[in-house]
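Below: one structure, written as structure tokens.
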Number of protein chains: 2
Amino acid sequence: MSVDFQGWTNTHLARFEVVLEGLLPSADAAPQRLHEAMRYSVLQGGKRVRPLLAFAAAEMVGAQLSRAHIAATAVELVHAYSLVHDDMPCMDDDVLRRGKPTCHVQFDEATALLVGDSLQTLAFQLLADHQLNDVASRQLEMVKLLAIASGSRGMAGGQAIDLASVGKSLSVPELEFMHIHKTGALIRAAILLGANCGNPSDEQLAKLDHFGKCVGLAFQVVDDVLDAEADTATLGKTAGKDADNDKPTYVTLLGVQAAKEMAKQLHQDALESLSGFGDSAQHLRDLADFIVLRKY
Amino acid sequence: MSVDFQGWTNTHLARFEVVLEGLLPSADAAPQRLHEAMRYSVLQGGKRVRPLLAFAAAEMVGAQLSRAHIAATAVELVHAYSLVHDDMPCMDDDVLRRGKPTCHVQFDEATALLVGDSLQTLAFQLLADHQLNDVASRQLEMVKLLAIASGSRGMAGGQAIDLASVGKSLSVPELEFMHIHKTGALIRAAILLGANCGNPSDEQLAKLDHFGKCVGLAFQVVDDVLDAEADTATLGKTAGKDADNDKPTYVTLLGVQAAKEMAKQLHQDALESLSGFGDSAQHLRDLADFIVLRKY
């Protein structure tokens, strides 16, 4: 990781945490327990990969970064809601997230259900409540974009396919279909929402979308490799969970070596889609490197 | 109920069911089970009070009714999502809704969780994906309005307060605070979204908002009376549930007679707020009558 990229990441994440904290309801406001649990579920750190992708995409098209911070908050709230619901006993039944008890363990199941519901609602509220583009119709497009990426034909649909796949043997294309929805859609949305805070050309959007598709899938392949190879302490979540749950992964289907090769190829494809954009796309390239080379 | 009102209701609801059906994902589209469960949870009938209020409000301000049908669908999807999640074992743990098995009973808990999540997302998608007003910035206001009404300081917040109140003795103002959030906020939003499909004046919006506040609260008071007095077959959901769950209601706090008096007073207040609008507000008045005088 270059010194410049590390500095850029630190600066933006420090600022983002302040923005995020300020956009969440205060724990003093009624209903306090719900608001406390919402803050607990969002302000626990995490890699903030989606926000960083949004900032880098905004930077590439010359958008106002303050607007990208709001758009990135909306995406991160959708991501956080999906984790809270995904960890619940009727889904993955996980007790540990980012090294801390999951929301339903720390609070209770009913609260976790309402936390997820309310974080999703807040995401859409933010996209409507702040000026994110000079053109209101483009801002409506941003609402639509996030909705399609997170709904039954995006992230939530991917989770449904994931549930249905437990104990089944999937083909590689079927696994890819699942992940393009479950994690890929929201990663692509993060990039496109960041860019839509500016005035991107159709060509820029198309290239960014392809970049997002590649890094979104690479992110999942690397996750599968890490789940198989790393330990719980490094990951901050329960390792080996996928194999224990009899879930198909790139590692179980392809083996570790071929999964690593696949990540490498997706990494190359991602970088190629940005080849025409020079220095303005450097932080997107750095993020692609980070996603593929990370150890946790 | 007047002949005119009955005809108006029948016409609009017949059309609404077609619109609603067409806006839900097809059960043939992947993930099929999720889409089937979404359709099951929305297309089971119900009184459709919120859509009817949206149509009547749109009518009062001379808005295009076809736009109000889309806005009403968004509100009804949020209502349906809240019922699916509210019926889950970690919340009210109810097995019967509109005379049929609840979503998690008919399908499974994980599917019910994703159904609720996806219905909420679809609501916001619809508000962004269809032209509901000539002015895009007003349409963004509609997104914001629905989000605030349904989030942690609206409907979901009301449910959190409801959960926290089980087994406690609330005062009447505390009970009112809960219901203004839990059911009132979305009923008000239905009315305001219908009106915002047109170009309402600030005075019209203020009067409609007051009307919505009164009928929203009246709706809940009448619900409590019906829960105490009617039987399961008439209601289509488990009767006497509130008392069994040791939940405070207007009936347990005030007694049946005083609760009925309160509904009557709210009904009067609602009608008074529309006194300046003549025939254009007639269907809103009819709906206020229906909400207070209904038997199920």
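Data overview
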quantity: Copy-to-copy label separations for B:D289, where each label sits 7 Å from Cα toward Cβ, in nm and ascending; calculated: 7.4
quantity: Rg followed by Dmax, in Å, when the protein assembly as shown is reduced to its Cα trace; calculated: 24.4, 76
quantity: Net charge over other residues, Cβ less than 11 angstrom from the Cβ of B:P51 (K, R count +1; D, E count -1); calculated: +2
quantity: The range B:18-85 - percent relative contact order, Cα under 8 Å, separation 6 or more; calculated: 30 percent
quantity: FRET efficiency estimate (nearest 0.05) - Cβ-Cβ, A:Q257 to B:L205, R0 56 angstrom; calculated: 0.30
quantity: Per residue, the convex hull volume that the Cα atoms of the range B:82-197 enclose (Å³); calculated: 121 Å³
quantity: Relative contact order %, chain B, counting alpha carbon pairs below 8 Å whose residues are six or more apart; calculated: 21 percent
quantity: Modelled label reach - A:E17, point 7 Å along Cα→Cβ, the range A:88-109 residues with backbone N closer than 19 Å; calculated: A:97-101
quantity: Nm distances between copies for B:S137, ranked from closest, using label points 7 Å along Cα→Cβ; calculated: 1.6
quantity: Cβ-derived FRET efficiency at R0 30 Å, A:D93 paired with B:E272, nearest 0.05; calculated: 0.05
quantity: For A:E229, inter-copy label distances in nm, listed shortest first [label point 7 Å out on the Cα-Cβ vector]; calculated: 7.0
quantity: Ranked B:D202, B:D129, B:D246, criterion: other C-beta atoms within 10 Å, fewest first; calculated: B:D202, B:D246, B:D129
quantity: Calculated Rg and Dmax of chain A using C-alpha coordinates, Å; calculated: 18.3, 52
quantity: Fraction in percent of alpha-carbon pairs per bin - 5 Å, the range B:115-158; calculated: 6, 22, 26, 25, 14, 7, 1
quantity: Tail fraction, Cα-Cα pairs, the range B:139-296, threshold 25 Å, whole percent; calculated: 33 percent
quantity: Cross-link pairs beyond the 27 Å C-alpha cut-off, checked among B:K144/B:K247; B:K213/B:K260; A:K182/B:K182; A:K100/B:K182; B:K182/B:K295; calculated: B:K144/B:K247; A:K182/B:K182; A:K100/B:K182
quantity: The range A:246-274 residues near the modelled A:E229 label - backbone nitrogen below 16 Å, point 7 Å along Cα→Cβ; calculated: A:250-267
quantity: Long-range HN-HN contacts of B:R97 with modeled amide H, under 5 Å; calculated: B:T102
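Here, each number is a calculation from the coordinates, and none is a lab measurement. Predicted model, so just to flag it, every value in this text is computed and none were measured. Virtual Cβ from ideal backbone geometry, glycine too; neighbours counted across all protein chains shown.
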